[in-house]
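Report on one structure; see the data block that follows.
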Amino acid sequence: MWWRWIPALAGIALVRLVPPDVSMGVRKGRKLRIEAAVLLAAAVLFATTLRLAGGGEPAHTLLKLPLLLGVPAVMFWLLRREPATWTAESPTTSWRRYGPAIPVAVWLALSYAGPLSPPPSDYALEVDAFTLAITIVVVLLVNSVLEEVFYRRWLQTRWELLLGRWPAIVLASLLWAAWHIGIQGTGSLQTDLASTFVNQGVLGLFLGYLWSKYRTMWPILVVHGAVNVVPVLTPLL
């Protein structure tokens, strides 16, 4: 578990040290509570139904798109006339744009340029270039982009306004980790929960803190994208 923990903990420590810290003006109300509850229900339903369906494809994609994209889209449309839930107070600065590069670069170096690097995948050596390119694009859109938008930008942000920063980060991280049981599970729920919390859960803390501290998408997309793509591309280097 340490090859996951050391880069994530080092990244969290650097996020703590590198400014700025985004603040938000909060107007708690009915819209916030509804959005937070619906997003939470969609996350729980996705993790539960994916495991009950046996995981893998096509269940993974067929459940993810309607629950993590369709449900929020319908909810936002229905609530579009409600008053805004919050307003951002921190101005855009160079540190907010580029400060995350420091913890992200250290995380990348520890994760993929040393003894903590995970074993590479043979997938890139088994398919043609066109199939590899299409696979990477689909994986980045369906996994990296959609998951970070749903779990961090949508779900975590709203629960931060209700619970505070770290309770919301932990909640989003556990929900994000839990759905991986459906594609990586062994059949033992206790073992699978422990495994996903140790791996994806701890990485989720780093992703969640990056989003909470800077409120910009590129750092969490780079980290999540690297997790999905680097082990696949490593054999080609």
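The values are calculated or read from the model by the stated rules, or taken from the named source; none is laboratory data. Fair warning: this is a prediction, and the values are worked out from it, not measured in the lab. So basically every Cβ, Gly included, is an ideal-geometry build from the backbone, and we count neighbours across all protein chains shown. SASA here: full protein model, heavy atoms, side chains in, ligands and nucleic acids out. Shrake-Rupley method; radii C 1.70, N 1.55, O 1.52, S 1.80 Å.
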| Candidates Ser23, Ser90, Ser94, filtered to the one that is at pLDDT below 90, of a type in the set (S, T, N, Q), surrounded by 12 or more Cβ atoms within 10 Å (Cβ to Cβ) and more than 17 Å from the chain's Cα centre (by Cα) | Ser90
| Which one of the conditions (1) without any contact (Cβ under 8 Å) to a residue 12 or more places away in the chain; (2) over 23 Å from Trp218 (Cα atoms) does Ile181 fail to meet, given that it meets all the rest? | (1)
| said: Looking at region 59-70 only, could you name the residues that are under 18 Å from the mean Cα position of the chain (by Cα) and either of a type outside the set (D, E, K, R) or not in a helix (DSSP H, G or I) (or both)? | reply: His60, Thr61, Leu63, Leu65, Pro66, Leu67, Leu68, Leu69, Gly70
| message | What's the number of the only condition in (1) of a type outside the set (A, V, I, L, M, F, W, C); (2) touching a residue at least 60 places away in the same chain (Cβ under 8 Å); (3) farther than 18 Å from Leu110 by Cα that Pro219 fails to meet? | response | (3)
| request: Look at Ala177 and say whether it is closer than 26 Å to Gly99 by Cα and open to solvent by less than 20 Å² (accessible area, probe 1.4 Å). | output: no
| query | Is region 187-204 home to any residue that is farther than 20 Å from Ala59 by Cβ, crowded, with 22+ Cβ neighbours inside 10 Å, in contact (Cβ under 8 Å) with a residue 40 or more places away in the chain and of a type outside the set (Phe, Trp, Tyr)? | reply | yes
| Criterion violated by Tyr112 - all others in (1) at pLDDT 90 or above; (2) open to solvent by 70 Å² or more (accessible area, probe 1.4 Å) satisfied | (2)
| field | Any chance Ile12 is open to solvent by less than 50 Å² (accessible area, probe 1.4 Å), in a helix (DSSP H, G or I) and modelled with pLDDT of 95 or more | value | yes
| field | Condition check for Val106: in a helix (DSSP H, G or I), open to solvent by less than 80 Å² (accessible area, probe 1.4 Å) and under 30 Å from Ala42 (Cβ atoms) | value | no
| task | Select from region 117-171 the residues that are among the β-branched types (Val, Ile, Thr) and either under 15 Å from the mean Cα position of the chain (by Cα) or at positive phi (or both) and list them in ascending order. | result | Val139, Val142, Val145, Val149, Thr157, Ile169, Val170
